[in-house]
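A quick write-up on the structure given underneath.
The values are calculated or read from the model by the stated rules, or taken from the named source; none is laboratory data. Just so it is clear, the model here is predicted, and its values are computed rather than measured. Backbone-built Cβ (ideal geometry, glycine too); neighbour counts: all protein chains shown.
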Amino acid sequence: MSHNENLKLAQRGAYLSLIVYIILSIVKYVTGFVFNSAAVRADALNNMTDIIVSLAVIIGLKISIKPADRNHPYGHLKSENISSLLVSFVIMFVGIQVVIQNAPRLFKEDDVVPNAITIIVSLISGLVMLIVFAVNQRLAKRTKSSSLNSAAKDNLSDSLVSIGTAIGLIFTQIGFPIVDIILATLLGLLIVYTGFGIFKEAIFMLSDGFN
């Protein structure tokens with residue numbers, strides 16, 4: 001399979017992410033609004049930013065397929081790395097937002113009891129994103145697509161956020177909201193770390209291995 005054929009195959013994974021993110025963001029936002037869950041609404045907004053990431057990956061892959069021309073004698077393959085760089089910024093931004101939203105909650109009481117439906121929606125969302133991650137990671141390895149690999153890591157971080165949200169909501173419901181806060185803060189830090197790893201890799205590739 002040629003490199004261009006690999007990139008076209010990688011686009012399928014990016015389109016899969018895009019479709020799933022659109023569906024989940026709508027479902028989560030409606031659920032969060034109806035049952036007054038700030039955590040689920042925040043997760044929905046997170047998925048909305050991921051829609052932009054998926055579009056960036058798709059555009060980057062489409063540009064990478066273009067043949068070499070006078071202005072780009074070596075082709076357009078670095079477009080993939082630029083997409084990965086954008087993904088890294090979004091992932092780090094989401095992680096920082098999760099930390100900012102949850103760390104202050106350590107110092108104040110939260111008396112909102114979550115509805116069971118918000119827990120179910122968050123859990124199912126996390127499992128769906130875990131499946132999307134597995135599909136995209138497999139495609140990324142098969143096609144050697146750096147941008148799809150970055151998108152797969154984004155899928156995994158979103159899965160962790162949703163599953164973490166569900167677990168936190170469960171502990172809040174049984175009277176231990178502190179577990180939700182600590183878990184969410186740790187997940188936020190993990191997401192920032194993941195994004196920084198993608199950032200370093202993208203910069204390394206864009207600078208042709210400079211270190």
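Data table
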read-out	value
Where a residue in the range 129-152 is on the phi < 0 side of the Ramachandran plot and its partner, wherever it lies, is hydroxyl-bearing (Ser, Thr, Tyr) and outside any helix (DSSP H, G or I), with Cβ under 9 Å and at least six apart	Leu139/Ser145; Ala151/Ser145
Residue list for the range 175-211, restricted to those being of a type in the set (Val, Ile, Thr) and free of Cβ contacts under 8 Å to residues at least 60 places away in the same chain	Val179
Residue match in the range 166-186 (condition: at pLDDT 80 or above, under 17 Å from the mean Cα position of the chain (by Cα), surrounded by fewer than 15 Cβ atoms within 10 Å (Cβ to Cβ) and of a type in the set (Val, Ile, Thr))	no
Ala152 vs. criteria assigned to a helix (DSSP H, G or I), over 17 Å from Val94 (Cα atoms) and among the small types (Gly, Ala, Ser)	no
Qualifying residue in the range 107-122 (condition: surrounded by 14 or more Cβ atoms within 10 Å (Cβ to Cβ), free of Cβ contacts under 8 Å to residues at least 60 places away in the same chain and within 27 Å of Ile19 (Cβ to Cβ))	yes
Unmet requirement for Thr172, which otherwise passes all of (1) more than 19 Å from Asn102 (Cα to Cα); (2) touching a residue at least 60 places away in the same chain (Cβ under 8 Å)	(1)
Condition check for Lys153: surrounded by 22 or more Cβ atoms within 10 Å (Cβ to Cβ) and of a type in the set (D, E, K, R)	yes
Some residue of the range 174-182 being within 17 Å of Pro104 (Cα to Cα) and aromatic (Phe, Trp, Tyr)	yes
Test: residue in the range 142-149 that is in a loop (DSSP other than H, G, I, E, B), among the hydroxyl-bearing types (Ser, Thr, Tyr) and closer than 25 Å to Lys62 by Cβ	yes
Breaking point among (1) closer than 19 Å to Met205 by Cβ; (2) modelled with pLDDT of 85 or more, for Ile51	(1)
One residue from Asn6, Asn36, Asn47 being among the polar types (S, T, N, Q), touching a residue at least 40 places away in the same chain (Cβ under 8 Å) and over 30 Å from Asp180 (Cβ atoms)	Asn6
Filter result for the condition that a residue is more than 16 Å from the chain's Cα centre (by Cα), at pLDDT 80 or above, of a type in the set (Ser, Thr, Tyr) and part of a helix (DSSP H, G or I), over Tyr15, Tyr29, Tyr21	Tyr29
Checklist (1) closer than 19 Å to Asp50 by Cα; (2) surrounded by fewer than 19 Cβ atoms within 10 Å (Cβ to Cβ) applied to Thr194, failing item	(2)
Residue in the range 71-91 that is at pLDDT 85 or above, more than 16 Å from Arg12 (Cα to Cα) and not small (Gly, Ala, Ser) present	yes
